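Have a look at the structure below before the remarks.
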Amino acid sequence: MKINLTLKIRRQSGPDEKGQFRTYPSGPISTEISFLEMLDILNERLTREGEEPVAFDHDCREGICGTCGAVVNGIPHGPEKKTTLCQLHMRHFKEGDTLVIEPFRARALKLEKDLVVDRSAFDQIIREGGYVSVNTGSAPEANTIPVPQNTAEQAMNGAECIGCGACVAACPNASAMLFVGAKISQLALLPQGGPERSRRALAMVKKMDELGFGNCGNERECEAACPKGISIRNIARMNREFLRAAICSEEE
Amino acid sequence: MKLDAKIPGGPLAEKWDNHRFASKLVSPANRRKYEIIVVGSGLAGSSAAATLAEQGYRVKNFCLQDTPRRGHSIAAQGGINAAKNYQNDGDSIFRLFYDTIKGGDFRAREANVYRLAQISNRIIDQAVAQGVPFARDYGGQLANRSFGGAQVSRTFYARGQTGQQLLLGAYGALMRQVKQGGVEILARREMLELVTIEGEARGIVTRNLLTGETERHAAHAVVLATGGYGNVYFLSTNAMSSNVSAIWRAHKKGAGFANPSFVQIHPTCIPVHGEHQSKLTLMSESLRNDGRVWVPKTPGDKRPPNQIPEAERDYYLENKYPAFGNMVPRDVASRNAKEQCDLGKGVTETGLAVYLDFAGAIERNGAEAIRKKYGNLFEMYERITGRDPMRQPMTIYPAVHYTMGGLWVDYELMTTLPGLYALGEANFSDHGANRLGASALMQGLADGYFILPATIGNYLAGTSTDPVDPGREEFKQAERAAAERTDRLLTIKGKRTVDDFHKELGRIMWDHCGIARNCEGLEKAQTLITALREEFWNNLVVPGRGPDLNQSLERAGRVADFLEFAEMIVEDALAREESCGCHLREECRTEEHEPRRDDEHFSHVAVWEHRENERPRMNLEHLSFENVAPGRRSYK
Ligand SMILES: Cc1cc2nc3c(=O)[nH]c(=O)nc-3n(C[C@H](O)[C@H](O)[C@H](O)COP(=O)(O)OP(=O)(O)OC[C@H]3O[C@@H](n4cnc5c(N)ncnc54)[C@H](O)[C@@H]3O)c2cc1C
Ligand code: FES
């Protein structure tokens with residue numbers, strides 16, 4: 001089946017330029033294609049017509065690398081639950097729909113061009129302790145660290161985060177707590193994360209604040225927008241880890 | 001071109017130890033005087049960069065994406081092999097070695113593969129210590145599943161996201177080194193040139209993808225971990241940015257390129273939906289543990305699958321290969337799917353698909369158990385196709401997936417250019433003519449965590465610690481060459497877009513150098529590629545400017561390289577007049593239509609050498625087998 005849509009896309013030619021919405025007809029497009037393939041078709045047309053194509057980030061197109069992302073009609077990654085933009089398929093739209101497409105915006109995410117944003121703040125947070133400090137070669141035999149199945153599953157629930165930034169874009173306070181909570185939870189649940197538990201929570205939260213991410217106001221918008229369905233229980237766990245470290249530990 | 005594989009002496013099981021003992025070491029105090037460039041932050045690149053920095057070297061790590069955590073390895077689904085024998089089902093280092101050599105159809109080096117099997121266990125230890133949440137049994141021990149080409153259960157996995165979890169583990173290790181000052185990350189950078197000084201690799205030229213600036217980076221050694229080149233076929237399961245450019249530029253500076261035509265076509269991908277398809281999605285091989293592959297017995301039978309009675313279905317893999325059944329290696333499964341479709345038994349409107357059916361498994365184990373095992377893969381399938389595999393069989397078809405070919409490396413992972421190393425999918429090393437499932441993650445991490453960090457000292461110990469000067473003429477020249485190429489792409493101002501050319505190239509390659517190849521088709525491909533390349537340089541349109549974020553320009557540079565490289569793939573496929581692994585030459589088949597390998601004439605690695613304005617020259621590394629006899633590879 002083919003449908004025709006109106007695309008209102010926010011264009012901005014550079015970080016310091018002014019942005020504006022431009023409207024493009026999609027032309028007839030197959031409902032079998034993905035959202036990004038629809039943008040590909042638009043870009044091919046713009047290129048042939050001598051206009052600059054819309055810059056947008058993407059790579060795996062399988063919903064796992066976390067590179068893609070835009071706000072579609074007010075919702076990061078668009079209207080389908082638990083679906084990244086690259087996995088959103090056009091069968092979910094109807095003839096005549098208008099789609100407003102904007103980049104992820106937040107104080108800590110700088111806009112580069114059109115729909116491309118800078119998410120390096122996430123790297124800076126992970127750098128502060130989002131890992132277990134173990135040098136290559138010094139690991140014990142793997143099965144000497146048993147982990148209850150349920151614990152491993154819960155850790156995996158946090159570890160699944162793809163770092164796309166939808167949580168930040170969805171949050172009225174531009175908070176990164178779902179992202180940070182997911183990593184802190186994964187490592188706090190596992191025995192391997194134990195020794196650095198306190199230091200990790202303190203350092204990562206500190207960095208998150210420094211970078212200008214806001215606080216959690218319990219709106220749960222992040223959870224609703226997360227393409228991987230990461231639960232806000234991870235934020236609760238992060239808060240607990242932080243408090244525990246701030247009150248009970250010797251770490252600075 | 002001199003090809004010395006530097007395989008250490010001694011019995012197979014002791015070679016790696018012998019090598020490490022014989023290697024020169026760099027003292028800890030001297031290590032920080034050496035700078036190493038690592039291009040790529042997939043599994044191979046991040047694990048290497050992190051480990052080298054742990055050892056005390058100064059590392060610069062480059063990637064195309066906005067952060068190292070997104071390298072293409074992140075998409076690996078199914079799992080990673082290791083010879084732990086936790087299931088007590090007869091696995092061993094020797095068996096993993098044997099399966100890999102046999103799976104590769106006896107076209108890989110024994111010594112390398114044995115080392116890989118030896119190291120496999122330590123990778124699992126390392127990943128677990130990093131907090132990679134692998135699947136567990138109820139008792140808290142690590143769980144396993146099986147993959148094609150093996151009769152034991154040796155694959156470790158984290159749901160359907162093993163690559164993601166392993167990569168995030170390596171990325172964590174990398175970020176820890178960034179924090180400690182040992183690694184500098186240069187994201188959104190594309191390597192455009194390799195710089196050699198007096199025949200040794202000493203740096204790279206990159207383009208900053210945000211600003212368009214070209215930059216020079218000098219070092220004492222350069223490590224390429226830039227992944228595979230499957231995107232030369234346009235449609236593949238690879239990430240959109242996967243490319244050949246980095247290793248192609250290195251090839252043009254003197255690095256030999258081995259077995260470029262060894263391209264793995266994965267049997268279980270979601271079939272093509274139409275002309276605007278931008279990539280193909282893999283459905284993990286692990287699905288073949290429980291899914292049964294079939295087509296209707298009668299060609300042209302277009303009834304929906306549930307209306308085709310059992311007796312009228314052809315479970316062709318189970319019938320033809322009773323010992324391995326649905327778990328035959330990938331090349332065998334892909335070839336057979338194509339054969340069935342060529343016979344007119346393919347399903348769906350296009351006739352280019354076969355069924356992968358879970359009904360039996362659901363009946364046997366219950367819907368819940370199957371959903372738990374494959375839930376996220378099923379969801380992905382449904383998101384893309386709108387159909388639920390719990391209710392009707394999946395439809396699948398082969399797609400380009402992995403490249404066994406790559407830069408030739410010796411036992412130390414050094415290319416034919418001194419100081420230049422290649423890791424992971426970018427090298428040719430361990431998988432011969434066909435890679436077994438769950439072995440690429442193993443190889444990438446073996447290369448990065450354990451092998452390169454143990455071998456690079458042997459080279460650096462003989463290299464001056466004086467800093468390399470990026471102001472040297474060689475750097476300026478390379479920078480000029482890169483800038484000129486970019487300018488040329490922007491000034492053609494023709495009519496056809498990059499994607500248009502890329503799609504046409506992909507079609508030529510798939511039609512003539514895909515699952516089955518023959519002399520006539522390959523020769524035709526050569527003519528077509530040459531003509532297309534000519535048109536590309538005369539009729540390409542690239543919008544936008546050079547000093548800017550310009551994604552069309554990025555793609556244009558990559559496609560320009562694919563257009564040169566494709567010709568070498570075809571030449572390699574022509575030269576190999578035998579069928580082995582993924583490489584099926586239709587002229588070389590037995591009476592029963594099975595591939596015929598020719599050990600007498602082709603038990604070698606074909607290594608291509610670049611020559612300016614001349615066709616590349618083929619050099620041979622002969623392969624000898626002392627520990628396994630190259631038998632006929634049978635999965636019956
Ligand atoms: C869908 C899918 C599923 C898979 N599943 C499995 C599995 O279950 N088990 C298994 O063992 N294998 C699997 N594989 C194969 C495996 O994932 C890859 O072979 C492996 O991850 C490659 O890792 P790598 O580190 O060599 O390269 P990649 O992960 O491809 O990384 C390449 C890196 O190089 C960078 N780069 C590339 N070119 C340049 C350049 N010019 N300049 C600068 N940087 C550059 C990129 O930014 C990236 O960081 C799968 C592959 C696919 C496509
Ligand atoms: S492109 Fe990788 S998640 Fe969308």
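The values are calculated or read from the model by the stated rules, or taken from the named source; none is laboratory data. Fair warning: this is a prediction, and the values are worked out from it, not measured in the lab. Because the Cβ atoms are built from the backbone with ideal geometry, glycine has one as well, and the counts that use them run over all protein chains shown. Each accessible area value is taken on the protein alone, full model and side chains, heavy atoms only, with ligands, DNA and RNA left out. Shrake-Rupley method; radii C 1.70, N 1.55, O 1.52, S 1.80 Å.
Under 11 Å from the Cβ of B:Gln55, count the other residues' Cβ atoms, weight Lys and Arg +1, Asp and Glu -1, and hand me the total. My count for the surroundings of B:Gln55 gives +2. Take the Cα of B:Asp4, go 7 Å toward its beta carbon, and the backbone nitrogen atoms of segment B:407-450 under 19 Å from that spot belong to B:408-422. Against chain B, whose longest principal axis comes from its Cα atoms, helix B:330-342 is set at around 50 degrees.
Quick one: helix B:93-103 against the long Cα principal axis of chain B, what's the angle to the nearest 10°, folded into 0 to 90? In chain B, helix B:93-103 runs at an angle near 80 degrees to the longest axis.
Legend: residues in segment B:123-143 shielded by at least 20 square angstrom of accessible surface upon adding the remaining protein chains to the isolated chain (1.4 Å probe, heavy atoms) are B:Asp125, B:Gln126, B:Val128, B:Ala129, B:Gln130, B:Gly131, B:Pro133, B:Arg136, B:Tyr138, B:Gly140, B:Gln141. With the convex hull drawn over the C-alpha atoms of segment A:120-251, the volume per residue is 114 Å³.
Do the alpha carbons of any pairs in A:Lys2/B:Lys345; B:Lys297/B:Lys338; B:Lys252/B:Lys279; A:Lys183/A:Lys206; A:Lys94/B:Lys503 sit beyond 22 Å of each other, and which pairs? Among A:Lys2/B:Lys345; B:Lys297/B:Lys338; B:Lys252/B:Lys279; A:Lys183/A:Lys206; A:Lys94/B:Lys503, the Cα-Cα distance tops 22 Å for A:Lys2/B:Lys345; B:Lys252/B:Lys279; A:Lys94/B:Lys503. In this assembly, the A-B interface accounts for approximately 6300 Å² of buried accessible surface in total, computed with a 1.4 Å probe and without ligands, DNA or RNA.
Accessible surface for segment A:120-251, divided over its residues, is 39 Å² per residue with a 1.4 Å probe. Working note: Debye formula, equal point scatterers on the alpha-carbon atoms of chain A, no solvent; log10 I(q)/I(0) at q = 0.14, 0.17 Å⁻¹ is -0.94, -1.22. Can you tell me, using C-alpha contacts under 8 Å and at least 6 residues apart, the relative contact order of chain B as a whole percent? Rounded, it is 21 percent for chain B. Remark on segment B:479-503: accessible area falls by at least 10 square angstrom from chain-alone to full-complex state for B:Lys495, B:Thr497, B:Asp499, probe 1.4 angstrom.
Annotation: per residue accessible area for segment B:473-602 equals 43 Å², rounded to a whole number [probe 1.4 Å, protein chains only].
With K and R counted +1 and D and E -1, the other residues having a Cβ less than 14 Å from that of B:Ile265 yield a net charge of +1.
For the peptide B:270-276, the mean number of other protein chain Cβ atoms found within 10 angstrom of a residue's Cβ is 3.
Compared with the dominant Cα axis of chain B, that is its longest principal axis, helix B:110-130 is turned about 90°.
Helical runs assigned H by DSSP (4 residues or longer) give the protein assembly as shown a calculated mean residue ellipticity at 222 nm of -11000 deg cm²/dmol, each run adding -39500 (n - 2.57) before division by the residue total. Is the C-alpha gyration tensor of segment B:81-195 telling us rounded, prolate or oblate? Criteria: a/c under 1.5 is rounded; beyond that, a/b larger than b/c is prolate, otherwise oblate. It is oblate, given that a/c is not under 1.5 and a/b is not larger than b/c. Per the Cα gyration tensor, segment A:2-110 maps to an equivalent ellipsoid with semi-axes of 20, 18, 13 Å, ordered largest to smallest. For the peptide A:31-39, the mean number of other protein chain Cβ atoms found within 10 angstrom of a residue's Cβ is 4.
For B:Lys636, which aspartates and glutamates qualify as cross-link partners when the Cα separation must be under 14 Å and same-chain residues fewer than eight apart are set aside? Output for B:Lys636: B:Glu318, B:Glu592, B:Glu594. Net length available on complete extension from B:Ser624 to B:Ser464 is 54.0 nm, with 0.36 nm assigned per residue and the Cα-Cα distance removed. Looking at chain B alone, DSSP beta bridges between its own residues are antiparallel in about 70 percent of cases.
Going from the chain on its own to the full set of protein chains, segment B:377-420 has these residues losing 30 Å² or more of accessible surface (heavy atoms, 1.4 Å probe, no ligands, DNA or RNA): B:Met380, B:Arg383, B:Ile384. 3J(HN,Hα) couplings calculated from phi for segment A:66-81 with the Karplus curve 6.51 cos²θ - 1.76 cosθ + 1.60 (θ = phi - 60°) are, in sequence order, x, 7, 7, x, 7, 8, 10, 6, x, 10, x, 6, x, x, 6, 5 Hz; Gly and Pro show x. When you count the other C-beta atoms within 10 angstrom of each residue and take the mean per peptide, A:29-37, B:218-226 line up highest first as B:218-226, A:29-37.
The accessible surface of chain A, taken with every protein chain in place and a 1.4 Å probe, is 47 percent carbon and sulfur. The longest stretch of chain B left intact once loop-based GluC sites (Glu not before Pro) with at most 14 other Cβ atoms within 10 Å are removed from consideration, loops following DSSP, is B:350-576.
The equivalent ellipsoid of segment B:1-158 has semi-axes of 28, 24, 16 Å, largest first, where each one is the square root of 5 times an eigenvalue of the Cα gyration tensor. Charge tally around B:Val132: other residues with Cβ under 12 Å, Lys/Arg +1 each, Asp/Glu -1 each, net +1. Once the mean of 1/r is taken over each pair of separate Cα atoms and inverted, segment B:516-636 shows a Kirkwood hydrodynamic radius of 17.4 Å. Given +1 at the Cβ of Lys and Arg, -1 at the Cβ of Asp and Glu and no other charges, the dipole of the protein assembly as shown around its Cα centre is 1660 debye to the nearest 20. If only the Cβ of Lys and Arg carry +1 and only the Cβ of Asp and Glu carry -1, the dipole of chain B around its Cα centre is close to 1460 debye. As a rough guide to protection, the peptides B:136-142, A:110-116, A:82-88 ranked by mean Cβ packing within 10 Å, highest first, stand as A:82-88, A:110-116, B:136-142. Computed over protein heavy atoms with a 1.4 Å probe, the accessible surface of segment A:2-110 works out to 40 Å² per residue. Ranked from largest, the principal axis spans of the Cα set of the protein assembly as shown equal 73, 69, 64 Å.
Surface composition of segment B:473-602: carbon and sulfur atoms hold 45% of the protein heavy-atom accessible area at a 1.4 Å probe. Starting from the Cα gyration tensor of segment B:20-94, take the square roots of the eigenvalues, sort them a ≥ b ≥ c, and report rounded, prolate or oblate (rounded when a/c is under 1.5, otherwise prolate if a/b is larger than b/c, else oblate). Oblate, since a/c reaches 1.5 and b/c is not below a/b. Of the solvent-accessible surface of segment B:198-297, computed with a 1.4 Å probe and all protein chains present, 47% belongs to carbon and sulfur. Compared with the direct C-alpha span, the chain from B:Arg617 to B:Glu213 gains 141.9 nm at full extension, assuming 0.36 nm per residue.
Computed on segment B:268-400, the Cα convex hull volume stands at 109 Å³ per residue.
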